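The values are calculated or read from the model by the stated rules, or taken from the named source; none is laboratory data. Everything quoted here is computed from the prediction, not taken from an experiment. We place every Cβ from the backbone using ideal geometry, glycine too, and count neighbours over all the protein chains shown.
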């Protein structure tokens, strides 16, 4: 039974690609109105988990219940309705390169509503103002900087006033100031629009700024979850190393044990 | 026996990949056909779809008209120069007009227009689709509940098909004009005589079979470009590979399908 306080329930989800396990029996709840940050190193499966929640990828086993409905059992029509009630900010912004910034933001409105064009133009201006890009409405994506692309992507993601917002590495590749700006934007939108947010990142500064709760994944497995404070005080050495970005710990031990020395010595013998 | 292993293996592998390519395009065309009606007729988002279609028609068709005109004009002129000495030997120089009109309307007009369009439109469609895949645009479309086939493939296939038919007619007329200019300036044929010969030699079915071929060529170019573009993997290198493949595969398939058409027309006396 779906919990009315839960926006998303991940129920024992496993995802395999070509026999390789990317996610292993993940269980996770995202509560309504909170900002959940999914942490993990490269290849931990965090982006795949986000794509599964968005519904772009299907799990090998398990199920995900979003806004009270199972993604696996949704009909095409229900999936379309779900997609119009969520917003996704992709790592690169994923703007449509052949359209202006304004047209990018207007696209979901033109596709899914019967609103007249003048109304759409007003909504686009409001959304662009929210992300501070109103003066750049007529620019093409190629003319924007990395941070501006992400902000434009965010304006498009909130065009249809979504209930759920997903962010894939929102601060990756940005300078610290722009990164902080994006974080404030996320918090601002969360507060003003009351949306539930799921953020995938490995940038700890950003994670601590925006998270109500955090989840740590490692090599496709659930490791820990809790509030930022709980995570900071965790006694798990892996959580401790990841949260504080330490050079000593189980993650570095594992890398050392990947046969590097054998590989070098083996090569010398040849 | 060992000597034959490699060629047998290569033939088997190539046959399998050709069959999978044709099968994949078949599926894509099936989906496109199903999506065309809703894309252009459904009330919601219809204005956007027609705008999209119009943009593609302009890009693929209108901009290729000068090049198709130049190429077919030159082909008409070349044919006239090639045939004139032989026909003069039989005292039938005026027959140049008859031969050119049939060759251009039945064969060279549509084929040359298609070859120009495969370089002009096909390559750019493949590059555009490939870039959309690489820059997460396709995922972004899906996340906004916008079907990529309906939004990207339908307008390109419909626009290329319609515009190739239109451009072929322009090519036909320019081919005849090329022959006419040579006939008038070098072969001593009067304009009226040339046009009279052209009209009397042409039957309606010459014109219609040419247009039918142009339509099929349009479907081949656009579906191949979309299929190879959407299948891009491996970043910018993959986009380049898809673009090159599109041009090569398109030209080979155009010639092969043209041969099939001619065989069928010959058998049925068309």
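Filtering the stretch B:204-219 to residues that are surrounded by fewer than 24 Cβ atoms within 10 Å (Cβ to Cβ) and in contact with a helix residue (DSSP H, G or I) (Cβ under 7 Å, 6 or more places away or on another chain) leaves B:206, B:207, B:209, B:211, B:215, B:216, B:219.
Checking each residue of the stretch A:157-178 against the condition of being part of a helix (DSSP H, G or I), on the phi < 0 side of the Ramachandran plot and either at pLDDT 90 or above or at the interface with chain B (Cβ under 10 Å from one of its Cβ atoms) (or both) gives at least one match.
Going residue by residue through the stretch A:215-231, is there one that turns out to be over 13 Å from residue A:39 (Cβ atoms), out of contact with any strand residue (DSSP E or B) (no Cβ under 9 Å at 6 or more places or on another chain) and free of Cβ contacts under 8 Å to residues at least 12 places away in the same chain? The answer is yes; a qualifying residue exists. The residues in the stretch A:189-213 that are in contact with a strand residue (DSSP E or B) (Cβ under 9 Å, 6 or more places away or on another chain), within 19 Å of residue A:130 (Cβ to Cβ) and in a helix (DSSP H, G or I) can be counted, and the count is 4. Of the numbered criteria (1) free of Cβ contacts under 8 Å to residues at least 60 places away in the same chain; (2) surrounded by fewer than 15 Cβ atoms within 10 Å (Cβ to Cβ); (3) under 22 Å from the mean Cα position of the chain (by Cα), the one residue A:104 fails is (2). Counting only residues that are assigned to a loop (DSSP other than H, G, I, E, B) and in contact with a helix residue (DSSP H, G or I) (Cβ under 8 Å, 6 or more places away or on another chain), the stretch B:170-198 holds 4 of them.
Here residue A:67 fulfils each of the conditions (1) more than 10 Å from every other protein chain (Cβ to nearest Cβ); (2) in contact (Cβ under 8 Å) with a residue 24 or more places away in the chain; (3) within 19 Å of residue A:138 (Cβ to Cβ) apart from (3). The sole residue among B:51, B:56 that is within 13 Å of chain A (Cβ to nearest Cβ) and buried (at least 20 other Cβ atoms within 10 Å of the Cβ) is B:56.
If you check B:125, B:149, B:138 for being within 14 Å of chain A (Cβ to nearest Cβ), under 23 Å from the mean Cα position of the chain (by Cα) and within 30 Å of residue A:53 (Cα to Cα), only one passes: B:149.
Across the stretch B:35-48, the qualifying residues are those that are within 11 Å of another protein chain (Cβ to nearest Cβ) and part of a helix (DSSP H, G or I), and the one among them that is surrounded by the fewest Cβ atoms within 10 Å (Cβ to Cβ) is B:47. Of everything in the stretch A:96-128, what is within 8 Å of chain B (Cβ to nearest Cβ) and either in contact with a strand residue (DSSP E or B) (Cβ under 8 Å, 6 or more places away or on another chain) or closer than 17 Å to residue B:148 by Cβ (or both)? Give them in sequence order. Those that are within 8 Å of chain B (Cβ to nearest Cβ) and either in contact with a strand residue (DSSP E or B) (Cβ under 8 Å, 6 or more places away or on another chain) or closer than 17 Å to residue B:148 by Cβ (or both): A:96, A:97, A:98, A:107, A:108, A:110, A:111, A:112. Output yes when any residue across the stretch A:212-229 is modelled with pLDDT of 80 or more and more than 28 Å from residue A:14 (Cα to Cα), and no when none is. Yes, the stretch A:212-229 has at least one match.
How many residues are part of a loop (DSSP other than H, G, I, E, B) and within 8 Å of chain B (Cβ to nearest Cβ) if we restrict to the stretch A:80-94? Summing the residues that are part of a loop (DSSP other than H, G, I, E, B) and within 8 Å of chain B (Cβ to nearest Cβ) in the stretch A:80-94 gives 4.
Looking for something under 14 Å from the mean Cα position of the chain (by Cα) and within 28 Å of residue A:208 (Cβ to Cβ) - is there at least one such residue anywhere in the stretch A:9-24? Looking for residues that are under 14 Å from the mean Cα position of the chain (by Cα) and within 28 Å of residue A:208 (Cβ to Cβ), one finds none in the stretch A:9-24, hence no. Screening the stretch A:22-56 for residues that are touching a strand residue (DSSP E or B) at 6+ places or on another chain (Cβ under 7 Å) and within 14 Å of another protein chain (Cβ to nearest Cβ) and picking the one that is nearest to residue B:146 (Cα to Cα) gives A:54. The residues of the stretch A:109-120 that are surrounded by 16 or more Cβ atoms within 10 Å (Cβ to Cβ) and either farther than 23 Å from residue A:134 by Cα or out of contact with any helix residue (DSSP H, G or I) (no Cβ under 7 Å at 6 or more places or on another chain) (or both) amount to a single one, A:113.
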